[in-house]
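The values are calculated or read from the model by the stated rules, or taken from the named source; none is laboratory data. Because the structure is a prediction, the values reported are computed rather than measured. Backbone-built Cβ (ideal geometry, glycine too); neighbour counts: all protein chains shown.
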Protein chains: 2
Amino acid sequence: MLLTTTHYDAEQYELTPHGSLPDSYFHIPSAKYPDGSTIDWLQQDAAERERNQALRSEAGVRGILLPMLEASRMWLVVIVTGIGIGVIGACLDILVKWLADIREGWCSHDFFYNQVTCCSGTDPGEICREWQTWSQHFGIKFIFLQSLLQAFVYIALAIAFAGSAAVLVKAYAPYAFHTGIPEIKAILGGYVFDTFLTPWTLLIKAVGLALTVASGLSLGKEACCGPLVHVACCMVNMIARFFKQFRNNEAQKRKLLAAAAAAGVSVAFGSPLGGVLFCLEELDAFASESDVMWRGFVASAVAAVSLQWVDPFGTKKLVLFQVTFVDDTWRAFELVPWLFLGVIGGVLGSLLIRMNVQVALYRRNTILFDWPVLEVIGITAITAAISYLIHSKIVFSRVQTSELVANLFQECDPTKGDYHGLCNPTAMWENVFLLILTACIKFVFTAWTFGMKVPAGIFLPTIAIGACLGRAVGLLTQGLYRANPTSWVFLSCPPDPSVRCISPGFYAVIGASAMLGGVTRMTISLVVILFELTGALSHVLPIMICVMTSKWVGDAFNMDGIYAAWIAMRRYPWLPHTDYHDRGETGAHLMKPLDRLVVIQDDKYTVAELRRLLIENNYHGFPVVLQNQFVGFVTREKLQQTLDDLTYSAPDSAETTKCSFSHFSTLPVGNRVDLRETIEEAILHLRKEVPQEQVVSMFQRLNLRQVLFTRAGILEGMVTKRDVANLLMSHFPHTAALSQRPEHLSA
Amino acid sequence: MLLTTTHYDAEQYELTPHGSLPDSYFHIPSAKYPDGSTIDWLQQDAAERERNQALRSEAGVRGILLPMLEASRMWLVVIVTGIGIGVIGACLDILVKWLADIREGWCSHDFFYNQVTCCSGTDPGEICREWQTWSQHFGIKFIFLQSLLQAFVYIALAIAFAGSAAVLVKAYAPYAFHTGIPEIKAILGGYVFDTFLTPWTLLIKAVGLALTVASGLSLGKEACCGPLVHVACCMVNMIARFFKQFRNNEAQKRKLLAAAAAAGVSVAFGSPLGGVLFCLEELDAFASESDVMWRGFVASAVAAVSLQWVDPFGTKKLVLFQVTFVDDTWRAFELVPWLFLGVIGGVLGSLLIRMNVQVALYRRNTILFDWPVLEVIGITAITAAISYLIHSKIVFSRVQTSELVANLFQECDPTKGDYHGLCNPTAMWENVFLLILTACIKFVFTAWTFGMKVPAGIFLPTIAIGACLGRAVGLLTQGLYRANPTSWVFLSCPPDPSVRCISPGFYAVIGASAMLGGVTRMTISLVVILFELTGALSHVLPIMICVMTSKWVGDAFNMDGIYAAWIAMRRYPWLPHTDYHDRGETGAHLMKPLDRLVVIQDDKYTVAELRRLLIENNYHGFPVVLQNQFVGFVTREKLQQTLDDLTYSAPDSAETTKCSFSHFSTLPVGNRVDLRETIEEAILHLRKEVPQEQVVSMFQRLNLRQVLFTRAGILEGMVTKRDVANLLMSHFPHTAALSQRPEHLSA
């Protein structure tokens, strides 16, 4: 009903510049729902229910075995997806490591070895001769020429990687760019977007992700959350196609997608619990049924086990950034810098979201829109140049982001060697300056890069920014303590400043939590992911407090996390799970009144008229009335199908036969078709005096597609999911900005 | 409507033997809902909404400040509750430690010191002379007399502790026994049970808990989950009474209760994340609104911080049973014993639930029902005697359960000393035998004790049983490895058996997870609680796998966890969150048809008739019809209030004035009262063809109190929450067993 047409338009403009829907490569259209529509959960559940009953009612052993077979197929899909995504994640890790290393040199005895594997045979202290930098390989002697060649190869390969990723995305899988989380949120909420989940997308997203990460762009690491979630969803979608029970039921498919998403996060962070909680909190994926959480739990565990099995890092551990603290306690005065970091995280997080939105708008409305690949190449060149060429002291931005984060999280340990002088107490101010500078550079690049036409995640860049800031604050606190070890503030520390009391590594973890809290506005899942990522279980309380603070501060600036902002800009029909409070409005304010609805008059319309009605209006469904008395609601799909079937049995009488939808029909039996079967069983009626926030909450909790308003049996109006989604996103200033035609094109 | 009368009866029989509701000590009745009814979430939310709008519409600065004041009051309650429950939890820990120690001796220089505090001044190796056993104190020289006196004091004090707890419970707070989780689940779902949350209950439950735990009964430790959750809920209920916004709104109060429950679990296990997840998964407490989870998160964190501040164990750590593994890796072959433990846990968990249910039925239907205090004393005497007197080798059951668990989780470390020979490799078979025997004894006692008239938790005894079994399996696996260190099974272990490969301490953790999974059927929250409890983050995957297995196995035997079983026996109107699948039934099968409903005829009933109707029927509400045409639904409370107000303005005309509920009234204006305002705004209508499982799912997700069935405006029937609860609990064989009159009383 209602505004769905504009919605189709929105999608059209979204991803191709010329107003036509892109060809869907390898796309097998869904049986019932076209892309861009919203599924009807109640109806899909009812269909699944009927199928189950049919299976159970089979005679004899079949009636027992068939339902068991169904269940085992479901578990098969879940487990295979878990294993698959674990293996893919591990392979991507290895691929990225190799691609990143090849920018600087190559392994002389086996081209496909990365630096660590290549040098694994050498003893500690011995120089690894198997690994040759490019200048060594070409035998260049002059230092200046060496540097020049190294820089040239580094930047050229970075551009080649990022450029080919962008070309791949543009040519073969237009939906494989960005993070994918906003789309998956919308899909799990019932939005139909099958071209987003094709095998091609899976392939391009995985390869493209490895290429872009290796290019050194500021956008997530080898296995960052969003893209891997997208890959997992593509995979489960591909596997589920083999089974009729999922192919034909969009609701069942979404339950599998939720489990796959959990597995994706689990692999991305090595965080099986975090995966389940991410789905629960951010994707709101388990709202539909409680056993979906259980599936997510299994998928998540299986994925983590297979990742650990392949063991891409050779550490035999799931924890990516293992943190080892000198002692497990923390002091009360440390809450002050931590709360400060929380506030900083909230402010910067909001700022990052705003800047990212502005960049997205700018990109959409300028010439950049027509040259996405060039944009990628340009930004990569700048990033690579800045990373490589500027004074070699600013090394913090040149290494892989994940390596940087791991080092920032690390405690200073004299036995392990110093990471770029971070532990040198005399260079404190220099280190603080460099860290803040690195954070600023990363901040600007991240705001720009997240949204370009390459696969990208937001988690790791955010962690890196936060870790830099946190480490800086930690160094400052440590410096303060070393300068005044006997001050009353530091009473709880040992008076001898050579004994360690403040651990800047943990401040980096806190900074990362604060920044993530500000950008994503997640709470509990963030805390779990962070301590599964670092193993810092003993410090869970400071992390919680810091995430709390940063969410509070961030919410004061703007209410949405970055994913919600992108959903709003793309105008997906997704209902945020937030509490909506109206200002006294009722359902009457929200509903389309009867005179603006396209309704079917019971006993009035002929078969031919109905068919014309279906062609002229592309709404999801139509209310049926008998002299304003509400009879029922028919969906487009069911009505279309019934009418198609009818035509074959009596093609000539279409213009005269009337359609009857109710028991009360007064028409003679010979002159009517009985369409009572097409009336939907599960349709909610409300009175229009219902407060608006209760209407919204029903849509949120029941995942409805429409609600009808009646009084004493008389139809008064209707509200659809899109109306509610529009209402909930109306506070965001740039709603639908990315789904409108760009200014320079519409001119 | 419908069956609520039997429900009131159920409550009556529940807790007093003579069929009358117990006097509610200190009980301030709720404004609207009597105990035993179910709140109407939609209506309560609407009331809150109106109040908020009234506040916001205040002129000028008041319109901004008043809503902020409201919000800050809410956070005040949440934070004060968090701090309070943290401090109470810590105090209980200290009290229990002292009470338990006093059974064996006393501190000569300060009576109120426990053994550890008393001896804290002595050097390691020095004998602590300040702490005197009772036989030392009385200067008894003969060893036989010493033992006799020690045993006598031990058993006598145990009986005194447990007996006084039972007396306190029976006399002052009849609801302070048991765990409280089933009741809190029901309350959070909308059940009204204010006498369960009085300040007296708080006091008695806290003190009684300390007494019972110190008595050595097999029922949870100083801070076990259920009782502390109950204490937290009582506390927030007490604090919230000071603020009108919570006193007058049952829905708002429940949102605070959910946060308090999270804080309770957080303190019980030192597990702030586990608290939030427990509320999410087991209590299903955040279904109502998403920001409730956020409150729970804050309450949980605050409670954990204040617990850590008081630091009752003097360890400066939140982790109760810190586990330190020799190395962080685990081997694939270990999955076999772990899966075995998972299966055992599932089987034994189901068995424990069944036995516990049978004991509860037996207690209810025999003479035991009339002598609860004697039962407690008897069981305490037997427990104490078995713990103390039987061969001193079976020491595993004599120490505090928490101490036992901590030691079982501990790895063998030559530098730390051996705990009762557990690490002696030559005594393997003896240890295995003793561990299994201890598990059996604890199993029987737990099945009996959980449900007696003393505060009790099920978590810690279950952990203890599981830990014993797990450690036994671990010892066996270790023995097997030591016997065949070079077998192909153990290829991944070092070939030298003196190097440690298998850590039986972790097997104890796995055993505990399996047992807990079998008893509670929780999944993700259990995993989080367990690794927050032990710090075993690196081993989260085996714990997950084991909990999965034990839940699968347990579900194959009986579908419900122990809390759901008790809810069913007590017949609370609580809707389990499980997926319900009908067998083709529709709403028509579930609903009470029109002819069995008490309906109000619009324009027909006089004021006096309506008042009589309200007196004769104690249903929650009544549908209003005009010649079978559905007009609306009025709740008992609103109608009663409106009629009461009417009487004062026109007391004489009550017999003649007709009541009109709709716009269509044809009565003359002078001869009718307009009751349109009493019609509920938010009432769901459905068609009776709606599949039953969709009706159930709406009740589950929207927390409805009733749904009406109409067709073309004509009322056809109605379903209430109790109908749905009955339907969902009908598979449990002993539904309502504890809410029926005991056999020996009804005879």
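Filtering segment A:550-565 to residues that are within 11 Å of another protein chain (Cβ to nearest Cβ) and surrounded by fewer than 24 Cβ atoms within 10 Å (Cβ to Cβ) leaves A:Trp552, A:Asp555.
Just to be sure before I move on: is A:Leu646 modelled with pLDDT under 80, part of a helix (DSSP H, G or I), more than 14 Å from every other protein chain (Cβ to nearest Cβ) and within 23 Å of A:Gly36 (Cα to Cα) in the structure I sent? Even if it seems obvious, please write down each step before you answer.
Values: modelled with pLDDT under 80: yes; part of a helix (DSSP H, G or I): yes; more than 14 Å from every other protein chain (Cβ to nearest Cβ): yes; within 23 Å of A:Gly36 (Cα to Cα): no.
Spelling it out, it is not the case that A:Leu646 is modelled with pLDDT under 80, part of a helix (DSSP H, G or I), more than 14 Å from every other protein chain (Cβ to nearest Cβ) and within 23 Å of A:Gly36 (Cα to Cα).
It is to be established whether one or more residues within segment A:487-508 are modelled with pLDDT of 85 or more, assigned to a helix (DSSP H, G or I) and of a type in the set (Phe, Trp, Tyr). Yes, the conditions are met somewhere in segment A:487-508. Does A:Phe242 satisfy being in contact with a helix residue (DSSP H, G or I) (Cβ under 9 Å, 6 or more places away or on another chain), in the same structural domain as A:Ala186 (by the TED database), among the aromatic types (Phe, Trp, Tyr) and at pLDDT 85 or above? Yes, satisfied. Taking the listed residues B:Leu42, B:Leu15, B:Leu69, B:Leu55, the one that is among the hydrophobic types (A, V, I, L, M, F, W, C) and modelled with pLDDT under 65 is B:Leu15, with no other qualifying. Where helices (runs of 4 or more DSSP H) fall wholly inside segment A:325-417, the ranges with 1 or more residues that are at pLDDT 80 or above, surrounded by fewer than 16 Cβ atoms within 10 Å (Cβ to Cβ) and not assigned by the TED database to the domain that holds A:Pro174 are A:335-365, A:372-389.
The single condition from (1) buried (at least 24 other Cβ atoms within 10 Å of the Cβ); (2) within 14 Å of chain A (Cβ to nearest Cβ) that B:Met522 fails is (1).
Does segment A:596-624 hold any residues that are of a type in the set (Val, Ile, Thr) and either in contact with a His (Cβ under 9 Å, 6 or more places away or on another chain) or outside any loop (DSSP other than H, G, I, E, B) (or both), and which are they? Within segment A:596-624, A:Ile600, A:Thr606, A:Val607, A:Ile615, A:Val624 meet the criteria. Filtering segment A:59-86 to residues that are within 20 Å of the chain's Cα centre (by Cα) and under 15 Å from A:Val231 (Cβ atoms) leaves A:Thr81, A:Gly82, A:Gly84, A:Ile85, A:Gly86. Once segment A:470-510 is narrowed to residues that are of a type in the set (Ser, Thr, Tyr) and out of contact with any Asp or Glu (no Cβ under 6 Å at 6 or more places or on another chain), the residue that is surrounded by the fewest Cβ atoms within 10 Å (Cβ to Cβ) is A:Ser498.
If only residues of segment A:290-307 that are touching a Pro at 6+ places or on another chain (Cβ under 8 Å) and more than 7 Å from chain B (Cβ to nearest Cβ) are counted, the one that is farthest from A:Ile83 (Cα to Cα) is A:Ser300. Of the helices (runs of 4 or more DSSP H) lying entirely inside segment A:47-140, those carrying at least 1 residues that are within 14 Å of chain B (Cβ to nearest Cβ) and touching a residue at least 12 places away in the same chain (Cβ under 8 Å) are A:60-102.
Inspect all residues belonging to segment A:583-595 and state whether any of them is buried (at least 19 other Cβ atoms within 10 Å of the Cβ), over 18 Å from the mean Cα position of the chain (by Cα) and assigned to a helix (DSSP H, G or I).
Quick first cut of segment A:583-595, residues buried (at least 19 other Cβ atoms within 10 Å of the Cβ) only: A:586-587, A:590-591.
Next, only the ones that are over 18 Å from the mean Cα position of the chain (by Cα) stay: A:586-587, A:590-591.
With the extra rule that they be assigned to a helix (DSSP H, G or I), the set shrinks to A:587, A:590.
Yes, because at least one residue in segment A:583-595 is buried (at least 19 other Cβ atoms within 10 Å of the Cβ), over 18 Å from the mean Cα position of the chain (by Cα) and assigned to a helix (DSSP H, G or I).
Here's the yes/no breakdown for (1) within 11 Å of chain B (Cβ to nearest Cβ); (2) free of Cβ contacts under 8 Å to residues at least 12 places away in the same chain; (3) in contact with a Cys (Cβ under 6 Å, 6 or more places away or on another chain):
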| site | (1), (2), (3) |
| --- | --- |
| A:Arg611 | no, no, no |
| A:Ile615 | no, yes, no |
| A:Val631 | yes, no, no |
| A:Glu655 | no, no, no |
| A:Val707 | yes, no, no |
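Tell me, which residue of segment B:677-705 that is of a type in the set (S, T, N, Q) and assigned to a helix (DSSP H, G or I) is farthest from the other protein chains (Cβ to nearest Cβ)? Checked segment B:677-705; the qualifying residue farthest from the other protein chains (Cβ to nearest Cβ) is B:Thr678. Going through (1) in contact with a Leu (Cβ under 7 Å, 6 or more places away or on another chain); (2) outside any strand (DSSP E or B); (3) modelled with pLDDT of 80 or more; (4) within 14 Å of chain B (Cβ to nearest Cβ) one by one, A:Leu639 falls short only on (4). Within segment B:526-538, the set of residues being part of a helix (DSSP H, G or I) and buried (at least 24 other Cβ atoms within 10 Å of the Cβ) comprises B:Leu526, B:Val527, B:Val528, B:Ile529, B:Leu530, B:Phe531, B:Glu532, B:Leu533, B:Thr534.
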